[in-house]
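Chemist: Below: one structure in structure tokens.
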Amino acid sequence: MAIIVCLVGSVVTSQSLKAVVAGSAREYAVLNALGVSRGALGRVVVEQACWIGGLGFVLAALASAVLLSIAAAYRVPVALNLAAVLACAVLVAVLSLLSGLGAMRSLLRADPATLLR
């Protein structure tokens, strides 16, 4: 089940980032025409992916804290230890990085001359 969740999460994140990159394709083409290297543009896309993953983890951690406090109020036993939280953080970071690399690949394949039209 965890593998399916990871695959769905990576596909959703990757498609979201590809949509963001596609929406900003003209801006990336202008930056490329101004002399910014494709590697630097790729790093920007990967950085955006890391920010999205980090913010997603923070929001998920806040939601988890609220749900854990509600569960404690109703005396529902829930086992969540630090190892599980750290494993989730690493998983989110890896999924964000992979999604960013996928979005970067679509950016680097685009021809800047056709994007400027």
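The values are calculated or read from the model by the stated rules, or taken from the named source; none is laboratory data. Keep in mind that what you see is a predicted model, and the values were worked out from it rather than measured. Backbone-built Cβ (ideal geometry, glycine too); neighbour counts: all protein chains shown. Quick note on the areas: whole protein, heavy atoms, side chains included, nothing else; ligands and nucleic acids left out. Shrake-Rupley method; radii C 1.70, N 1.55, O 1.52, S 1.80 Å.
Chemist: Using θ = phi - 60° and the Karplus relation 6.51 cos²θ - 1.76 cosθ + 1.60, list the HN-Hα couplings for segment 33-41 in order, rounded to whole Hz, with x at every Gly or Pro.
Modeler: So the Karplus estimates, Gly and Pro as x, are 5, 7, x, 6, 5, 5, x, 5, 5 Hz.
Chemist: Hey, another quick one. How high is the FRET efficiency between residue 67 and residue 8 when r is their beta carbon distance and R₀ equals 22 Å, given to the nearest 0.05?
Modeler: 0.65
Chemist: Where does each of 55, 31 land when they are ordered by accessible area, with a 1.4 Å probe and the largest first?
Modeler: 55, 31
Chemist: Moving to a separate point now. Go through segment 50-59 residue by residue and turn each phi into a ³J(HN,Hα) via Karplus (6.51, -1.76, 1.60, θ = phi - 60°); whole Hz please, and just put x for glycine and proline.
Modeler: 5, 5, 4, x, x, 5, x, 5, 5, 5
Chemist: With unit charges on the beta carbon (Lys/Arg positive, Asp/Glu negative), name the residue among 13, 78, 116 whose Cα is farthest towards the positive pole of the charge dipole of the chain.
Modeler: 116
Chemist: Only one of the listed values, [x] 8.4; [y] 11.0; [z] 7.7, was derived from the coordinates as mean projected area of the Cα convex hull in nm²; which label is it?
Modeler: Of the listed options [x] 8.4; [y] 11.0; [z] 7.7, [x] comes from this structure.
Chemist: Moving to a separate point now. When ranked by the protection proxy of mean other Cβ atoms within 10 Å per residue, highest first, what sequence do the peptides 70-79, 18-27, 33-42, 94-103 form?
Modeler: 94-103, 18-27, 33-42, 70-79
Chemist: Using the Cα centre of the chain as the reference point, and only Cβ charges (+1 on K/R, -1 on D/E), how large is the resulting charge dipole? Debye, rounded to the nearest 20.
Modeler: The dipole magnitude comes to about 180 debye.
Chemist: I would also like to ask the following. Using the Karplus equation 6.51 cos²θ - 1.76 cosθ + 1.60 (θ = phi - 60°), what ³J(HN,Hα) coupling, rounded to whole Hz, does each residue of segment 81-94 give in order, writing x for Gly and Pro?
Modeler: 10, 5, 4, 5, 5, 5, 4, 5, 5, 5, 5, 5, 5, 5
Chemist: Could you state the accessible area per residue of the chain in Å², with a 1.4 Å probe and every protein chain left in place?
Modeler: Accessible area per residue: 68 Å².
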